[in-house]
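Only one structure is covered here, and it is reproduced in the block below.
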Amino acid sequence: MNHPTTSQSTTARSRDLRGLARLYGVMAGYRDVDSRPQQASDKALLRALQLLGCPIQSVEQAAEMIAVRRKELWNTPLPPVVVAWDGELEIPLRLPASAAKGTARIRIEIEHGDSVAWDADLTDAPATRTRKVERTTYVVKRSRAPETLPGGYHRLRIALGRKQHEALVISAPRVAYSDERTDGGDAWGVFLPLYALHSETSWGAGHLGDLERLIDWVSSLGGNLVATLPLLASELEFRGDPSPYSPTSRLVWNELYVDIERATGIDDCEATRKLMSSRAFRRELDALRRSELVEYDRQWQLQQQVLELLADFFFESRAPHSPDRAEFDAFVETHPRAVDYCRYKAVRQRQGTGWPDWPERLRNGDVGESDSDQHTFRRYLFVQWQIHRQLHRLAEKARRDESLWYLDFPLGVNRHGFDTWRNRELFALDASGGAPPDAFFTKGQNWGFPPLHPRRLRESGYRYIIDCLRHHFEYARILRIDHVMGLHRLYWVPEGFSGRDGVYVRYHRDELFAVLSLESHRYRARIVGENLGTVPDAVNAAMEEHGLLGMYVLQFAANSTKRAIHPPPPANVIASLNTHDIAPFTTFWTGLDIDSRFDLELLDENEARDERDELARIRRAMAAFLKRKKLLGEEVGDPRRVMRACLNLMASSRAKCVLVNLEDLWLETLPQNTPGTSFERPNWRRKARYAFEDFSQFRPIVEMLKEIDRRRGGSDGG
């Protein structure tokens, strides 16, 4: 009798583990940036399975667990979510063949009160799929709804004999909302982080009043779009991460951006006027305004002094039936999550630490009025009301002026923030999102935020995602989805593992795209997917199928081997020279970014030399291409002229929209963020080199934007 060798047994167990991983939506391997196949380690697969709820303890259990998982899947007659594209619903039922007969009574309760009901004859319905699991044969039978469903989130109930089954139906347009202001192919706008935008009225970082002035200025030049980074609530008063991509919540706005000069009571509160006219206050405010970097904690401390006085004045002076008090009460009534957040912040302030270190009762979300200072709670609530009030004013004005406000939807949230405290069951708190190794990050990346748990998210009916989208769509009319590949799959790095040893976990992309499409139509908002870098073809195909705009970045398109900018911007993109995560144009064109990465030891001498050689080839190819297009003469050494030629190239293209990084226009060399660094660079803190009052009157900048406007208005397809 032949016995398998240890090697053969190990190989078989590993093969079983990979089969089990697939049943849980974990990818056993992937293709890297150079299209080379990479395999996940058994250790990483085992841990990912545990994080997803599989009760496996060792690789040796994989074969047994495969049988358990298959039985679990086939014993579930109805998935928790079913998508009805364009209202056409087909319900898949997984049943034992012996039970797939008789009549199923089906009822759909429409979101707003109506219902649709019918009887499905299972006996004569053809089996679209058959599978034998252990000794039982299962079949999939389908029943089509007798009428087209309206868009919405509906409740599906099916009676099979004495058993009842339920599911969520997402009825959504297959193609997301489109807007004639971008679909005409002549839109353009500008980008600048709000914290970097500053004016003579700013208190350090920019505020919503500054953003309103920027929108007005762009509109006066013919533009119709202004883009910023995420404006979500943070843990900055507790010296948290300043990154806008690590918010404490995707459901609440950042209080830092309130325009104090427009706050309720600012003209009437004597205590506030006295404080703001004091020598110490003026000295600190002047220091914040002069600083080249945003001093978040100092600015917030200064703002809090004023906002606390204004909150006290409001609650003491406003009669219960005054117009302002009625507006505040309406805000509290219609924004329960903001109220919950303010209670969380007040508890956080009293506890002095993040929620994982709170007493068990508070940690588990059982919070009452006695657990925080009511004065602190009311102050937070007053400030949240103020920022919603100012955002509403900004959004209404933008709509009247036919301007578009472009917001950014981050991929994750702070591990110890509000969203994970209130919705912890939806997050895999023992893992982090990240990215596998590539040429730039050879050790892979760990982004620090906990990924959403796909099964729990699905079973919750995507309520958290829906609420986050609505929070943004309440004001924004274009929303950029960061790392759109995350709708398909996300790279998980289990706690204790390196960025090299993560695994990809799949999500239910059709259901997520259905939510995006439905909400975009409800709020008449355009969706942009960040699809830069190495993105599988399936991701771009899904974006095209569902009408999401992609992103075109010229630095990524520059290719010396094609002797041109390859390819030029297509029609279904927002085109730009760069993003907040890559070098400003002047830094790219002069090679300063290569010097910076070498200084940071992200490149060795050979790699830096190779990149400089490649940059020289790219410069020659781009210059030749721009000359052929009659956009550039012999001024290859002048970054301003080359940058202007590149902007004009994009402006003359078929791109839906051209987005201009304002900092490129004055030849900025410092980036807003240097990926792979933390303390080495002042990421997310650098103010724009010029104040709004200065750059908005700078003739070369105004002329460049007017030229873009002329070319956008007369686009010939370039």
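Counting residues in segment 343-356 that are closer than 26 Å to LEU479 by Cβ, of a type in the set (Phe, Trp, Tyr) and either in a helix (DSSP H, G or I) or open to solvent by less than 20 Å² (accessible area, probe 1.4 Å) (or both) gives one or more. Taking the condition closer than 23 Å to MET543 by Cα, more than 23 Å from the chain's Cα centre (by Cα), of a type in the set (Gly, Ala, Ser) and modelled with pLDDT of 95 or more, does GLY189 pass? Taking the combined requirement at face value, the residue does not satisfy it. Pairs meeting the criteria (first residue in segment 304-327 and small (Gly, Ala, Ser), second residue open to solvent by less than 30 Å² (accessible area, probe 1.4 Å) and not in a loop (DSSP other than H, G, I, E, B), beta carbons under 6 Å, at least 6 apart or on different chains) are ALA311/ARG379; ALA311/PHE382.
The number of residues in segment 104-141 that are closer than 15 Å to GLY161 by Cβ and exposed (fewer than 14 other Cβ atoms within 10 Å of the Cβ) comes to 3. With respect to the conditions (1) under 23 Å from LEU251 (Cα atoms); (2) touching a residue at least 40 places away in the same chain (Cβ under 8 Å), PRO450 lacks only one, and its number is (2).
Taking the conditions exactly as written (touching a His at 6+ places or on another chain (Cβ under 9 Å) and crowded, with 24+ Cβ neighbours inside 10 Å), does GLY189 satisfy them or not? Can you show your working first?
Details: touching a His at 6+ places or on another chain (Cβ under 9 Å): no; crowded, with 24+ Cβ neighbours inside 10 Å: yes.
Taking the combined requirement at face value, the residue does not satisfy it.
Evaluated against (1) modelled with pLDDT of 95 or more; (2) assigned to a helix (DSSP H, G or I); (3) charged (D, E, K, R), ARG250 falls short on exactly one condition, (2).
Does segment 51-61 hold any residues that are of a type outside the set (D, E, K, R) and open to solvent by 40 Å² or more (accessible area, probe 1.4 Å), and which are they?
Of segment 51-61, the ones of a type outside the set (D, E, K, R) are 51-59, 61.
The answer is GLY53, PRO55, GLN57, GLN61.
If you filter segment 525-580 down to residues that are of a type in the set (S, T, N, Q) and under 19 Å from the mean Cα position of the chain (by Cα), you find that the one that is modelled with the lowest pLDDT is THR534.
Can you pull out every residue in segment 410-435 that is open to solvent by less than 20 Å² (accessible area, probe 1.4 Å), over 20 Å from ASP510 (Cβ atoms) and not in a strand (DSSP E or B)? Show your work before the answer.
Quick first cut of segment 410-435, residues open to solvent by less than 20 Å² (accessible area, probe 1.4 Å) only: 410, 412-413, 417-421, 426-428, 431-435.
Right, trim to over 20 Å from ASP510 (Cβ atoms) and you get 410, 412-413, 417-421, 427-428, 431-435.
Result: PRO410, GLY412, VAL413, GLY417, PHE418, ASP419, THR420, TRP421, ALA428.
The residue that is least open to solvent (accessible area, probe 1.4 Å), counting only those in segment 452-473 that are in a helix (DSSP H, G or I), closer than 13 Å to TYR507 by Cβ and of a type in the set (A, V, I, L, M, F, W, C), is LEU457.
Consider VAL169 carefully, then state whether it is in a strand (DSSP E or B), within 30 Å of ILE91 (Cα to Cα), of a type in the set (A, V, I, L, M) and modelled with pLDDT of 95 or more.
Values: in a strand (DSSP E or B): yes; within 30 Å of ILE91 (Cα to Cα): yes; of a type in the set (A, V, I, L, M): yes; modelled with pLDDT of 95 or more: yes.
Considered against the rule, which asks whether it is in a strand (DSSP E or B), within 30 Å of ILE91 (Cα to Cα), of a type in the set (A, V, I, L, M) and modelled with pLDDT of 95 or more, VAL169 comes out as yes.
Answer with yes or no whether VAL33 is surrounded by fewer than 21 Cβ atoms within 10 Å (Cβ to Cβ) and assigned to a loop (DSSP other than H, G, I, E, B). Full working, then the answer.
Working: surrounded by fewer than 21 Cβ atoms within 10 Å (Cβ to Cβ): yes; assigned to a loop (DSSP other than H, G, I, E, B): yes.
Spelling it out, VAL33 is indeed surrounded by fewer than 21 Cβ atoms within 10 Å (Cβ to Cβ) and assigned to a loop (DSSP other than H, G, I, E, B).
A quick yes/no check of all residues on (1) under 34 Å from the mean Cα position of the chain (by Cα); (2) of a type in the set (Phe, Trp, Tyr); (3) surrounded by fewer than 18 Cβ atoms within 10 Å (Cβ to Cβ):
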site	(1), (2), (3)
ALA63	no, no, yes
ASN75	no, no, yes
LEU78	yes, no, no
TRP85	yes, yes, no
ILE91	yes, no, no
GLY102	no, no, yes
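Just so you know, in segment 481-502 the residues that are more than 14 Å from the chain's Cα centre (by Cα) and of a type in the set (A, V, I, L, M, F, W, C) include one that is most open to solvent (accessible area, probe 1.4 Å), and it is PHE497.
Mind checking which residues of segment 629-659 are farther than 23 Å from ASP186 by Cα and free of Cβ contacts under 8 Å to residues at least 24 places away in the same chain?
Initially, segment 629-659 is screened for residues farther than 23 Å from ASP186 by Cα, giving 633-640.
The answer is GLY633, GLU634, GLU635, VAL636, GLY637, ASP638.
Restricting the first residue to segment 98-126 and requiring it to be within 29 Å of THR136 (Cβ to Cβ), which pairs with a second residue that is of a type in the set (Lys, Arg) and open to solvent by less than 70 Å² (accessible area, probe 1.4 Å) meet a Cβ separation below 9 Å and a spacing of at least six or different chains? Matching pairs, first to second residue: ALA100/LYS141; ALA104/LYS141; ALA120/LYS141; LEU122/LYS141; ALA125/LYS141; PRO126/LYS141. Please work out if ALA651 is surrounded by 18 or more Cβ atoms within 10 Å (Cβ to Cβ) and modelled with pLDDT under 95. The answer is no for ALA651.
Among SER278, SER243, which is the only one that is more than 33 Å from the chain's Cα centre (by Cα), among the hydroxyl-bearing types (Ser, Thr, Tyr) and open to solvent by 10 Å² or more (accessible area, probe 1.4 Å)? Only one candidate passes the filter, namely SER278. Filtering segment 222-240 to residues that are open to solvent by 20 Å² or more (accessible area, probe 1.4 Å) and in a loop (DSSP other than H, G, I, E, B) leaves GLY222, ASN224, ARG239, GLY240. Pairs meeting the criteria (first residue in segment 392-410 and at pLDDT 90 or above, second residue open to solvent by 70 Å² or more (accessible area, probe 1.4 Å), beta carbons under 6 Å, at least 6 apart or on different chains) are lacking.
The values are calculated or read from the model by the stated rules, or taken from the named source; none is laboratory data. All of these numbers come straight from a predicted model, not from anything done at the bench. All Cβ positions, even for glycine, are placed from backbone atoms using ideal geometry, and neighbour counts span all protein chains on display. Calculation scope for accessible area: heavy atoms of the full protein, side chains included, ligands and nucleic acids excluded. Shrake-Rupley method; radii C 1.70, N 1.55, O 1.52, S 1.80 Å.
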